[in-house]
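The values are calculated or read from the model by the stated rules, or taken from the named source; none is laboratory data. These numbers come from a predicted model, not from an experiment. Methodologically, a virtual Cβ is constructed for each residue, glycine included, from the backbone with ideal geometry; neighbour enumeration extends over all protein chains shown.
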Amino acid sequence: MTDTLSFFAETVDQAHAGFRASAQAAGLAIEEYTHPLAGPDGEPLATALGWTGPRHARRVVAVISGVHGVEGFAGAAIQRGWIERFASAPLPDDTAVLLLHLINPWGTAWSRRETEDNVDLFRNLAYPGPDYPRNALYERYEAGINPRSPAGPERAEADRLLAAFEAEHGRETVLATIRRGQHHYPKGMTFNGAGPTWSSRLVERIGSEWLASAARVDVLDIHTGFGAPGDVLFIPAAPPGSALYARIERWFGGRLFRQGSDALIPAHPRAPFDSWAAPPPGSRTICSIGVEFGTADTSDDLPLLRDFSAHANYGSLLSAEGTALRGRFREKFYPSAPAWRERVLETGIAAIEHVLRLAEP
């Protein structure tokens with residue numbers, strides 16, 4: 001029997017090789033998409049797609065890992081675990097499973113949540129533009145939110161400005177302002193982008209090439225970092241009161257988390273994979289669910305996020321300080337504790353199976 005902890009990779013190379021080996025052994029159709037840049041050790045990067053079930057299925061369950069880069073290691077383990085345990089079992093009629101493995105491989109390799117363009121891919125997909133909402137408080141305090149230097153007088157001034165922001169508006173508002181995202185500071189935190197990225201273009205390509213026949217796509221988008229360690233929250237993208245929200249509520253009951261009910265999980269006008277809805281409007285239903293696994297206390301995340309952003313955008317991630325920060329960031333979003341990994345794996349695989357086989361259509 002396979003040691004389940006072996007599904008958890010320590011490098012992108014290991015994750016990619018493990019996914020490919022499991023998918024090939026299970027007879028999945030596989031596509032690989034090479035990223036133009038390399039990882040920190042010069043390793044090649046790629047996104048992989050696995051497909052099982054009828055090529056022209058009317059219903060597709062799509063399981064996504066790596067939208068937020070470093071969080072993709074956990075999602076990749078869940079994907080591989082599902083393949084090993086269940087990919088050979090018969091699927092429901094006219095149903096297929098699409099496994100999108102490390103859609104932001106650069107972020108995964110560099111232990112960043114962002115893409116190579118410093119873009120938050122989740123928000124890049126949710127805000128295709130061009131009519132972007134402005135974030136007035138972010139713009140007012142941007143120099144404090146985003147230090148231009150990891151240390152020294154410039155950093156001290158940025159810290160002073162951030163403290164003034166918190167004193168005037170409160171910590172919750174500071175966090176909500178940052179997490180809401182912005183489109184005007186390419187080297188700032190939660191940059192939504194000003195146009196498509198390599199990863200968002202690939203999402204569009206996959207939709208047109210693989211989902212042409214689908215009338216319904218149920219999306220499980222796997223993330224880590226928010227919530228109690230090892231616990232899972234299911235976050236509907238659909239608005240409360242809608243038929244899709246009610247469906248997800250029936251599926252996952254008391255484990256639902258409503259967007260916008262915490263400063264760290266803001267509401268957005270659309271889901272990242274809503275672009276897979278085919279014209280004409282209403283011809284394809286996209287049911288998007290964020291699957292969020294808690295890792296650690298989030299109360300001290302902001303200093304780490306600011307430090308890492310400063311090194312990534314104004315310093316070097318290959319410096320001693322940058323390397324240390326990558327390690328801290330990786331542990332924050334991808335804990336090494338075996339108990340955490342075992343729990344995440346079992347819960348994640350069960351969620352896929354529940355949506356695929358047990359929940360009502």
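Please find, within the range 205-226, the residue that is farthest from Pro105 (Cα to Cα) out of those that are more than 15 Å from the chain's Cα centre (by Cα) and in a strand (DSSP E or B). Looking at residues that are more than 15 Å from the chain's Cα centre (by Cα) and in a strand (DSSP E or B), I get Arg216. You will find that of Ala126, Ala76, the residue that is closer than 18 Å to Gly225 by Cβ and at pLDDT below 95 is Ala126 and no other. Selection of the range 183-226 for residues being more than 24 Å from Ala77 (Cα to Cα), of a type in the set (Phe, Trp, Tyr) and out of contact with any Lys or Arg (no Cβ under 9 Å at 6 or more places or on another chain) yields only Tyr185.
I want to confirm something. Restricting to the range 270-283 and keeping residues that are under 19 Å from Pro128 (Cα atoms) and touching a residue at least 24 places away in the same chain (Cβ under 8 Å), which single residue is surrounded by the fewest Cβ atoms within 10 Å (Cβ to Cβ)? The qualifying residue surrounded by the fewest Cβ atoms within 10 Å (Cβ to Cβ) is Arg270.
Each residue in the range 183-204 was checked for being aliphatic (A, V, I, L, M), outside any helix (DSSP H, G or I) and surrounded by fewer than 22 Cβ atoms within 10 Å (Cβ to Cβ), and 1 pass.
Against the conditions (1) part of a helix (DSSP H, G or I); (2) among the hydrophobic types (A, V, I, L, M, F, W, C); (3) surrounded by 15 or more Cβ atoms within 10 Å (Cβ to Cβ), Ala57 satisfies every one except (1). Within the range 235-246, residues that are over 20 Å from Glu292 (Cβ atoms) have Cβ atoms under 8 Å from residues that are part of a loop (DSSP other than H, G, I, E, B) and of a type in the set (Lys, Arg) in no pair, counting only partners at least 6 apart in sequence or on another chain.
Residues of the range 1-48 that are exposed (fewer than 12 other Cβ atoms within 10 Å of the Cβ), within 20 Å of the chain's Cα centre (by Cα) and among the polar types (S, T, N, Q): Thr34 alone.
Checking Arg201, Arg171, Arg148 one by one, the residue that is in contact (Cβ under 8 Å) with a residue 40 or more places away in the chain and either touching a helix residue (DSSP H, G or I) at 6+ places or on another chain (Cβ under 6 Å) or charged (D, E, K, R) (or both) is Arg148 and no other. When the range 181-222 is filtered for residues that are of a type in the set (Asp, Glu) and closer than 17 Å to His101 by Cβ, the ones remaining, listed by number, are Glu209, Asp221. Could you say which residue among Leu325, Leu356, Leu317 is crowded, with 17+ Cβ neighbours inside 10 Å and closer than 17 Å to Trp82 by Cα? Leu356 is the lone residue from the list that is crowded, with 17+ Cβ neighbours inside 10 Å and closer than 17 Å to Trp82 by Cα. Residues in the range 147-158 that are in contact with a Gly (Cβ under 7 Å, 6 or more places away or on another chain) and either modelled with pLDDT under 95 or crowded, with 24+ Cβ neighbours inside 10 Å (or both): Pro150 only. Taken across the range 257-266, residues that are of a type outside the set (Lys, Arg), buried (at least 21 other Cβ atoms within 10 Å of the Cβ) and outside any helix (DSSP H, G or I) do not occur at all.
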